[in-house]
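Asks: Below is the structure I would like to discuss, written out as structure tokens.
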């Protein structure tokens, strides 16, 4: 348990339980969990982990709501794709620049995860593993029922075809970076203080459900959402594994690779170079 603060036996200083030593006098932390090998997890002050999650999750929804209202006049049948593209691109752009100050407040601790080559290599391997699973899963499900893409994927496909360059920037790079800062650096790290399995369970569920359309308009649409949910859960689990064992650089690499292949496939299938 790393949630409760540690109290130094020597100087009675109260400090974050993840610290191996008292930052004031250098005395060893009496909490045995502080001395365990927590692999690639980047620990930040608790409040920063919470802020990363709230800014990334709640901020995304609030910004999205404001942007959607601002461009509501475009929300017509003829301009549906344009409207959704503006909402997505502007929202993620604002969120990305909003997260930068948070990264800068603890940049040394965060950026040290990007200094070694191993996390990138493992990120590629894990990303390939996710793609392989999705391919097999889609084949199995398709042998029983025609598996269609859910609402989230359908809109991304339409926006990518209409705005390929901006889609590559937002969906391949900006989106994954924002989500990894939000759900791995923020949410996973915070709940890892209670135990790694708590962190896995909470993060996988939240990550999967943010891609689920709870406002589906029909029973068939809900079935499609449910059939696509395992893919998001496996991807969420793989990204948590990459972050837990190899760090933020690994989970970002895996996430970016996964989205790069998806967006590239859309562009290739639609003849857009």
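The values are calculated or read from the model by the stated rules, or taken from the named source; none is laboratory data. Note that the structure is predicted; figures quoted are calculated from it, not measured. Here the Cβ is made from the backbone with ideal geometry for all residues, glycine too, and neighbour counts use every protein chain on show.
Here is a yes/no grid of residues against (1) within 23 Å of residue 180 (Cα to Cα); (2) at pLDDT below 85; (3) not in a loop (DSSP other than H, G, I, E, B):
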{"site": "1", "(1), (2), (3)": "no, yes, no"}
{"site": "11", "(1), (2), (3)": "no, yes, no"}
{"site": "18", "(1), (2), (3)": "yes, no, no"}
{"site": "34", "(1), (2), (3)": "no, yes, yes"}
{"site": "51", "(1), (2), (3)": "yes, no, yes"}
{"site": "54", "(1), (2), (3)": "yes, no, yes"}
{"site": "61", "(1), (2), (3)": "yes, no, yes"}
{"site": "67", "(1), (2), (3)": "yes, no, yes"}
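Asks: Are any residues in the range 99-139 surrounded by 13 or more Cβ atoms within 10 Å (Cβ to Cβ) and not in a helix (DSSP H, G or I), and if so, which ones?
Replies: The answer is 106, 116.
Asks: Among the residues of the range 20-32 satisfying the criterion of being outside any loop (DSSP other than H, G, I, E, B) and more than 16 Å from residue 194 (Cα to Cα), which is modelled with the lowest pLDDT?
Replies: 21
Asks: Hey, among 243, 232, which residue is more than 10 Å from the chain's Cα centre (by Cα) and within 25 Å of residue 16 (Cβ to Cβ)?
Replies: The unique qualifying residue is 243.
Asks: Moving to a separate point now. Which ones in the range 36-49 are free of Cβ contacts under 8 Å to residues at least 24 places away in the same chain and either in contact with a helix residue (DSSP H, G or I) (Cβ under 7 Å, 6 or more places away or on another chain) or part of a helix (DSSP H, G or I) (or both)?
Replies: Within the range 36-49, just 47 meets the criteria.
Asks: Look at residue 243 and say whether it is at pLDDT below 95 and in the same structural domain as residue 121 (by TED's automatic domain parsing). Break it down into steps so the answer makes sense when it comes.
Replies: Numbers: at pLDDT below 95: no; in the same structural domain as residue 121 (by TED's automatic domain parsing): yes.
No.
Asks: Read through the list (1) under 24 Å from residue 109 (Cβ atoms); (2) within 12 Å of the chain's Cα centre (by Cα), then give the number of the only condition that residue 189 fails.
Replies: Result: residue 189 fails condition (2) only.
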